[in-house]
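The values are calculated or read from the model by the stated rules, or taken from the named source; none is laboratory data. Worth saying up front: this structure is predicted, and the values here are computed from it rather than measured. Using ideal geometry, Cβ is built from the backbone for each residue, glycine included, and neighbour counts are taken over all protein chains shown.
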Amino acid sequence: MNTKTSIAFAVRAFLLAALIAGSAAPVLAASVTIRVPALEAQAGGTLELPVEVVGNPGLGAIHVEITYDTSALKAEEVVAGPILKSALFDFDVKKPGRVRTGFCTSGGVKGDGAIFLVRFTVLEQAAGKSPVGLEKCRAWDDSDQELELLVKTVAGELTIGTGAGSGGSSWILLVAGAVGLVLVGVFVAVLIRRGRRSPAAQTPPRAVPARANPGVAAPRGNPPPAPAAASGSAPRVAHPPAAGAPRPASGRRPRSAASDAARSVTPRETPVHARPAPAGGPPIQAACPKCHAPLPDDEELRFCPKCGKPLEEAPPKCAKCGKALKPDDKFCGGCGTPRA
């Protein structure tokens, strides 16, 4: 009985020692730090979050789980980082709020840097601070896959902006530009309106005095009344008709055919060349406008007796200097001789 008891105790002790040996913690070698940096992001944009290792003694395998706020971020995928070149890796983003990823390589991963890049979509309603954590991180040495490394983690944080800074500035610039254009338009409209209300004063045309042109005939019409004869001038004496000439019943002298034709064309009371001499000063004797021959003082004379030019169309001229006179001239403009 004692023998059986001793054998059973020995078996139990062996099994207990084997169990203790199998469940003992693995031997830990060097340590490595896994961290997520603090970043800034914009609401409605995308984010590429690096998972970095610092103090890397050489990694043969790693397992990392990243936690995030589902009200601010949505995980899309995981890609290999710059220092993870030939390793095999996998990821899982199906569970909201958690990303699982890891790699395994036979060549080992050396150096510090980003081993994974986790791509997120930043939600439109996200704003402020959003934490990013690291959980269940494990790493193994590249020289011995059974040698697990001591892992230290450093969580990160995202600062999410709503875009009010740049967007607000752009909006302010647009509003300022629109207001400036409106002000310019109003200013131009006011200038145009003032120009229409008060047009520039125009210089009135100057009255240019008409000058006598000897080649232009004076206008037809009744001449101004002749001035009264001086008291000392001799009265005109009507000569009796020649003997044997028929005398009209009215007592007037008979008219010639030329006189009747001239009267039918341009009747006038007193011809220009038959005006009496003015009082005081030498008389003005009429002259033919074509040949400048002096004309006799005859009321019935309508044509020049020397050249035959009609006298009705010729303006009177000064007998002293020969300058043409206007119908309303009372004195000669060239020599000052009174007009007949």
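What the table below lists for this structure:
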read-out	value
Any pair with Cβ under 9 angstrom, 6 or more apart, that starts in region 66-93 at a residue that is within 24 Å of GLY161 (Cβ to Cβ) and ends at one that is surrounded by fewer than 19 Cβ atoms within 10 Å (Cβ to Cβ) and of a type in the set (Ser, Thr, Tyr)	LEU73/THR121; LYS74/THR121; ALA75/THR121; GLU76/THR46; GLU76/THR121
In region 310-326, the residues that are at pLDDT 75 or above and surrounded by fewer than 15 Cβ atoms within 10 Å (Cβ to Cβ)	CYS321, GLY322
THR105, sole failed condition from (1) touching a Ser or Thr at 6+ places or on another chain (Cβ under 8 Å); (2) loosely packed, with under 14 Cβ neighbours inside 10 Å	(2)
